[in-house]
Amino acid sequence: MGMTMTQKILAAHAGLESVEAGQLIEAKLDVVMANDITGPMAVPVFRKMADKVFDKDKVVLVPDHFTPNKDIKSAENSKSIREFAKEQGLTHYYEIGQMGIEHALLPEKGITVAGECIIGADSHTCTYGALGAFSTGVGTTDIATGMAMGELWFKVPSAIQFVLKGKPGKFVSGKDIILHIIGKIGVDGALYKSMEFVGEGLSNLSMDDRFTMANMAIEAGAKNGIFLVDEKAEAYMKEHSEKEYKIYTPDEDAIYDEVIEIDLAEVRPTVAFPHLPGNAHTIDEIEEMEPIRIDQVVIGSCTNGRMEDMRRAAAVLKGHKVHPDVRVIVIPGTQKIYKECLKEGIAEIFVDAGCAFSTPSCGPCMGGHMGVLAAGEKCVSTTNRNFVGRMGHVDSLIYLASPETAAASAIAGYIANPEKVGA
Amino acid sequence: MKAKGHVFKYGDNVDTDVIIPARYLNSFDAKELASHAMVDIDPEFAGKVKPGDIIVARKNFGCGSSREHAPLCLKTAGVSCIIAETFARIFFRNSINIGLPIIECKEAAMEIEAGDEVEIDFDSGKIYDRTKGTEYQGQPFPEFMQKIISAGGLVSYTNEKVKSGSN
């Protein structure tokens, strides 16, 4: 019986010829990752099981959520994983000044490549599926087990195949496409399943578009999102990694629960309204509404903090000023992206426009620090979740959008069409 | 193995950010987390919940983050079981791993109301609404899963197995 991409990777890591949806397997892990929120909780659990991690090159720790540390408790937590990383001699521990938001950092550092089986104690670990890896988020107990054993049990998922065709419009990027898809299938539309992206339209998506899309597979309830590896993905991996990668393609007779065709040319700039990522509205619908006045804009995160996101936002903001009633916080995903922003003059564009330009951090995305919202405030954010209270006060409102829509809104003071401001 | 208590009822897509907001995640002390459980969806929950009480919700309970703090704070607050139409997958796995029983049962999730007294038999998977006098069939828990829950989670269960040499 034919297998999906995900099923082939899982079979290979379980040492099996084939697997089918629903089957329980134990799979070997290539990367096991945790951060400064999940790592400190995992260390004591790990110690109940083992003294040494299974492989010091495969266990990765990135302090990115509440860093640079926002309070004493967070500082203690970061200290605990810093000491653990030293004690275990971990190859991949990235300190402030070298680090980045985990899901922007790992592919950039070449730690994750196609064909791998990856777990991370962060739900957006599904990001690495953009490279053709099986990658999924887990909790503390599972990550501690992974760190100790180098393997974990999985239930093999079924899949939905998304066949992409056509070319997206100039002001449409990965964020608009994934918000469009989640709007279509719902926040549990892919519950327990893989989202597999294939089709000729792939060639019109950059790697940064794909990272954004795979990143938000979890927002449709998916176990993982995965892209067919093409020349662009191979070129990316060759540039960033020395690791050997393996390309898995779906069998022609692979069984999918559903096949959904997406014409990229028809996707419009899309915004998810409070309080669900599936609550999607096109910019054309929004333009017919009363203007939605905003207090804050955040451009960054593991969803949209990559170089292309910075370039797209800067292109809209160039020569403009941020609306006087709006605070804008721009957070590049990694130190490398930060430096590139300096080199290309993009940092200057942001600062001249009146934006705060920050060191990499998850920061305001989860209401941690660096841009927490007050009661009644509205924020246009390029992050991934607009749940109640996610970025601060329980009565604040979050609108999820692309970097270009966020930048256009920052100038206008209300949710605005980037096609008009940026043209 | 059984659970019995009064019901707190919620709707679709109860996410991990309302179960335990990130502003409290600078701690992983279970009791401290429990004191903030459900604060952004039901500020009275932590003060009202009694040991044994049961949460009943609709679709996609626990969607969002991978934070194991979410099931942990509910278990520590006294919740003995969660019944929902469906659970988000990371929350599902985390709950079993920390020994918090969860059951998917559409009819029960639809019909049981807040305040009802509910009893669950994990051997048979039967759910009894004692207030309404109704009965529902959820999936029974396999023996190993009941043992994980009795032991208080996967780690303790594994350690017990290793110590008793039964592995």
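Things worth noting here:
- Within region B:1-42, the set of residues being away from chain A (no Cβ under 14 Å) and free of Cβ contacts under 8 Å to residues at least 60 places away in the same chain comprises B:Lys31, B:Ala34, B:Ser35.
- Subset of region A:98-115 [within 11 Å of A:Lys246 (Cα to Cα) and buried (at least 23 other Cβ atoms within 10 Å of the Cβ)]: A:Val113, A:Ala114
Residue-by-condition table, conditions (1) within 19 Å of A:Asn279 (Cβ to Cβ); (2) crowded, with 24+ Cβ neighbours inside 10 Å; (3) out of contact with any Phe, Trp or Tyr (no Cβ under 8 Å at 6 or more places or on another chain):
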position	(1), (2), (3)
A:Met149	no, no, no
A:Lys184	yes, no, yes
A:Gly201	no, no, yes
A:Met216	yes, yes, yes
A:Glu219	yes, yes, yes
A:Lys223	no, yes, no
A:Glu231	no, no, yes
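- Taken over region A:331-379, the criterion of being more than 14 Å from chain B (Cβ to nearest Cβ), of a type in the set (Ser, Thr, Tyr) and not in a helix (DSSP H, G or I) is satisfied by A:Thr334, A:Ser358, A:Thr359.
- Looking only at region A:126-147, residues that are in contact with a helix residue (DSSP H, G or I) (Cβ under 7 Å, 6 or more places away or on another chain) and facing another protein chain (nearest Cβ under 10 Å) come to 9 in all.
- Of the candidates A:Asp30, A:Asp55, the single residue that is of a type in the set (Asp, Glu), touching a residue at least 12 places away in the same chain (Cβ under 8 Å) and surrounded by 19 or more Cβ atoms within 10 Å (Cβ to Cβ) is A:Asp30.
- Any hit, region A:3-10, residues being within 14 Å of another protein chain (Cβ to nearest Cβ) and surrounded by fewer than 22 Cβ atoms within 10 Å (Cβ to Cβ): no
- Of all residues in region A:276-294 being acidic (Asp, Glu) and assigned to a helix (DSSP H, G or I), the one that is nearest to B:Gly11 (Cα to Cα): A:Glu285
- A:Glu95, sole failed condition from (1) surrounded by fewer than 17 Cβ atoms within 10 Å (Cβ to Cβ); (2) in contact with a Lys or Arg (Cβ under 9 Å, 6 or more places away or on another chain); (3) within 30 Å of A:Ser158 (Cβ to Cβ): (3)
- Residue ID - nearest to A:Ala148 (Cα to Cα), chosen from residues in region B:118-132 that are in a loop (DSSP other than H, G, I, E, B) and of a type in the set (Ser, Thr, Tyr): B:Ser124
- Set A:Ser74, A:Ser123, A:Ser80: member being surrounded by fewer than 22 Cβ atoms within 10 Å (Cβ to Cβ), within 29 Å of B:Phe91 (Cβ to Cβ) and within 14 Å of chain B (Cβ to nearest Cβ): A:Ser80
- One residue stands out among those in region B:105-132 that are among the acidic types (Asp, Glu) and farther than 25 Å from B:Ser156 by Cα: the one that is surrounded by the fewest Cβ atoms within 10 Å (Cβ to Cβ), which is B:Glu113.
- The number of residues in region A:372-423 that are surrounded by fewer than 24 Cβ atoms within 10 Å (Cβ to Cβ) and among the β-branched types (Val, Ile, Thr) comes to 5.
- Single unsatisfied condition, A:Val187 versus (1) more than 14 Å from chain B (Cβ to nearest Cβ); (2) touching a Leu at 6+ places or on another chain (Cβ under 8 Å): (1)
- Residues of region A:1-35 satisfying the condition of being among the hydrophobic types (A, V, I, L, M, F, W, C), part of a strand (DSSP E or B) and modelled with pLDDT of 95 or more: A:Ala27, A:Val31, A:Val32, A:Met33, A:Ala34
- Spans of strands (runs of 3 or more DSSP E) in region B:1-117 with at least 2 residues farther than 23 Å from B:Arg130 by Cα and in contact with a strand residue (DSSP E or B) (Cβ under 7 Å, 6 or more places away or on another chain): none
- Subset of region B:133-167 that is farther than 17 Å from B:Cys81 by Cβ and part of a loop (DSSP other than H, G, I, E, B) - its residue that is nearest to the other protein chains (Cβ to nearest Cβ): B:Asn167
- Cβ pairs under 9 Å, 6+ apart, first in region A:159-171 and aromatic (Phe, Trp, Tyr), second surrounded by fewer than 21 Cβ atoms within 10 Å (Cβ to Cβ) and modelled with pLDDT under 95: A:Phe171/A:Ala423
The values are calculated or read from the model by the stated rules, or taken from the named source; none is laboratory data. Values in this document were obtained by computation on a predicted structure and should not be read as measured data. Note that we place each Cβ from the backbone using ideal geometry, even for glycine, and neighbour counts take in every protein chain shown.
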